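Just below is one structure, and these are the notes that go with it.
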Amino acid sequence: MTGRLIAFEGADASGKSTQARRLGARHDLTVTFQHGATDVGGAIRSIVLDPLNRTLDDRAEALLIIADKAQHVAEIVGPAMAAGETIISDRFTASTLAYQGYGRGLDLDILRDTMDFATHGVEPDLTVLLDVDLDVARARLGDRMDRIEGAGADFHQRVRNGYLELAAADPARWVVIDADGTVDEVAARIEALVDPWLGTA
């Protein structure tokens, strides 16, 4: 594939969705998301995030989320990259490593292998991690939380630590952004690091 993929990652309420859309609008790039951007993904998302699904097994959760990735690549990401486009995705493979791997405690190598199968080996060329303190993220979320948002402070701390570990292990393809600040402040930090990568600085 000749196109490029930028993934925005981070904890819930880190601001990644807002910043992904903002970067996309500024550079006229397609912005998509996981999970739920396709019709199949939307059905998966409703199962995974429904707080009533308390008995959903961790492995079942991971497999559902990875199935969404397969459909997302087949319908949206793959065709865009094959056409030579640069596409932005709000979450991609790293979120599964952070949430289902570090957060739920599932085997990282098994998750990587399964995602490689699901995505035909597609990986982000650049991952933008919006890092924010857990207390700040919790305050932004408020009281209404979905099944994963409400998984507890220990879980979300493991997720944050996992993201930072993944970023540290691959500094050539990750940038870490301090996401504590106004939307404009965070956007300026992203632009300073991502625009040169896009070749627009």
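What the table shows:
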{"read-out": "Neighbourhood net charge (14 Å Cβ-Cβ; Lys/Arg +1, Asp/Glu -1) for SER46", "value": "-3"}
{"read-out": "P(r) tail fraction, the chain - alpha-carbon pairs more than 23 Å apart, %", "value": "41"}
{"read-out": "Neighbour net charge for ASP90 - beta-carbon separation under 14 angstrom, K R +1, D E -1", "value": "+3"}
{"read-out": "Computed [θ] at 222 nm, deg cm²/dmol, the chain (DSSP H ≥ 4; -39,500 (n - 2.57); rounded to nearest 500)", "value": "-15000 deg cm²/dmol"}
{"read-out": "Length-normalised contact order of the range 4-198 in % [C-alpha pairs under 8 Å, at least 6 apart]", "value": "32"}
{"read-out": "Whole-Hz ³J(HN,Hα) from phi, Karplus 6.51 cos²θ - 1.76 cosθ + 1.60, for the range 64-79, glycine and proline x", "value": "5, 5, 6, 4, 4, 4, 4, 5, 5, 5, 5, 8, 10, 5, x, x"}
{"read-out": "Convex hull of Cα atoms in the range 1-115, direction-averaged projection (nm²)", "value": "7.2"}
{"read-out": "Burial ordering of HIS120, HIS27, fewest other beta-carbon atoms within 10 Å first", "value": "HIS120, HIS27"}
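Readers should treat all values here as calculations from the given coordinates under stated rules, not as data from a laboratory. Everything numeric here is computed off the predicted structure, so don't read it as measured data. Quick reminder, even Gly has a Cβ in these numbers, built from the backbone with ideal geometry, and neighbours come from all protein chains shown.
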